Amino acid sequence: YYIIPDFYIFNNSGTLELTLHNKNAPDLKISEDYREMLLQYERGSKKDKRQKEAVQFIKQKIDAAKWFIDAIKQRQSTLLLTMNAIMDYQQNFFLSGDETSLRPMILKDISEITGLDISTISRVANSKFVQTEFGTYRLKFFFSESLTKTSGEEVSTHEVKHILAEMIQAEEKHNPLSDDQLTEMLSEKGYHIA
């Protein structure tokens with residue numbers, strides 16, 4: 001199936017620019033016809049029961065529309081705030097496309113930066129996609145646990161997976177490396193994993 005990204009990130013000469021797909025940013029406004037109708041009813045000299053009911057009905061619909069537009073704007077703000085925080089946190093990746101440059105990042109990190117609840121960050125990360133010059137990614141791709149190397153440096157588990165994939169790619173296919181051999185090779189590079 002074809003994925004329509006929710007966000008686009010462009011590298012403009014080293015400056016990352018984030019935009020929201022227009023499906024998430026519809027141009028909503030209240031029809032002037034309803035505003036005009038309300039004014040006409042309110043200006044009417046005869047405030048009979050029918051007129052009062054019509055004014056009340058239109059006011060309710062305008063209030064409901066305003067609430068809906070505000071809710072959509074709040075959602076857009078939440079989406080942009082979350083993606084901006086991820087983009088800033090993982091800036092090296094968005095500039096290079098190098099998966100090994102991904103920093104360890106958990107939901108709590110983005111929650112603390114944005115001030116949004118962890119459950120909100122989780123919903124956005126699990127359901128949204130971003131298009132970059134290196135491909136389209138689900139936001140949860142950018143989240144990973146950390147691993148401390150022998151040197152004390154904290155690295156993303158993405159880095160370990162990438163190195164492990166390279167080792168497996170280079171192994172002799174008729175004589176594959178055992179789990180113990182892979183663990184030993186990773187250990188020699190400073191990655192201690194079980």
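The values are calculated or read from the model by the stated rules, or taken from the named source; none is laboratory data. What you see is a predicted model; the values in this text were computed from it and never measured. Reconstructed Cβ throughout: ideal geometry from the backbone, glycine too, with neighbour counts over all protein chains shown. Just so you know, the surface numbers come from the protein's heavy atoms only, side chains and all, with ligands and any DNA or RNA stripped out. Shrake-Rupley method; radii C 1.70, N 1.55, O 1.52, S 1.80 Å.
Given the alternatives (i) 185; (ii) 121; (iii) 157, volume of the Cα convex hull per residue in Å³ as computed for this entry is given by (i). The length gained on full extension between Glu112 and Asn12, counted as 0.36 nm times the residue separation minus their Cα-Cα distance, comes to 33.2 nm.
In this structure, every pair taken from Lys140/Lys161; Lys73/Lys128; Lys108/Lys128; Lys73/Lys108; Lys23/Lys66 has an alpha-carbon distance of 27 Å or less.
Between Lys73 and Asp33, the simple label model (points 7 Å from Cα in the Cβ direction) yields a spacing of 2.4 nm. Prolate is the label for the range 87-183, because the ratio a/c of its alpha-carbon gyration tensor axes (a ≥ b ≥ c) is 1.5 or higher and a/b is greater than b/c. Contact order for the range 64-167, expressed relative to its length and based on alpha carbon pairs under 8 Å spaced 6+ residues apart, stands at 25 percent.
Tally Lys/Arg at +1 and Asp/Glu at -1 over every other residue whose Cβ is under 15 Å from the Cβ of Leu107; what's the total? Show your work: numbers first, answer last.
On the way: positive: Arg103, Lys108, Arg123, Lys128, Arg138, Lys140; negative: Asp109, Glu112, Asp117, Glu145.
Value of the local net charge: +2.
Annotation: peptides 83-95, 117-129, 175-187, ranked by per-residue average of other Cβ atoms within 10 Å with the highest first, follow the order 83-95, 117-129, 175-187. Each other residue within a Cβ distance under 10 Å of Ala85 adds +1 if Lys or Arg and -1 if Asp or Glu, for a net charge of -3.
Each residue of the range 41-154 gets 141 Å³ once the volume of the Cα convex hull is shared out per residue.
For the chain, what does the helix formula give at 222 nm: sum of -39500 (n - 2.57) over DSSP H segments with n ≥ 4, over the residue count, nearest 500 deg cm²/dmol?
-17000 deg cm²/dmol
What is the calculated FRET efficiency for Ser127 to Ala64, with r their C-beta to C-beta distance and R₀ = 25 Å, to the nearest 0.05? E(calc), rounded to 0.05, equals 0.45. Modelled spin labels at Lys161 and Ser178, positioned 7 Å past Cα toward Cβ, are 2.7 nm from each other.
Between Arg43 and Lys23, what is the FRET efficiency for a Förster distance of 41 Å, r being their Cβ-Cβ separation, to the nearest 0.05? All intermediate terms of the calculation are to be shown ahead of the outcome.
On the way: r = 40 Å, r/R0 = 0.97.
Once rounded, the FRET efficiency stands at 0.55.
Accessible area of the chain with a 1.4 Å probe: how many percent of it is carbon plus sulfur?
Working: 6370 of 12670 Å².
Answer for the chain is 50 percent, counting heavy atoms of protein chains only.
Taking Cβ atoms as reference points and 9 Å as the exclusive limit, the residues near Asn126 contribute a net charge of +4, counting Lys and Arg as +1 and Asp and Glu as -1. Per-residue 3J(HN,Hα) values for the range 7-22, derived from phi via the Karplus relation 6.51 cos²θ - 1.76 cosθ + 1.60 with θ = phi - 60°, read 9, 10, 10, 10, 9, 9, 6, x, 9, 7, 10, 10, 10, 9, 4, 5 Hz in sequence order (x marks Gly and Pro).
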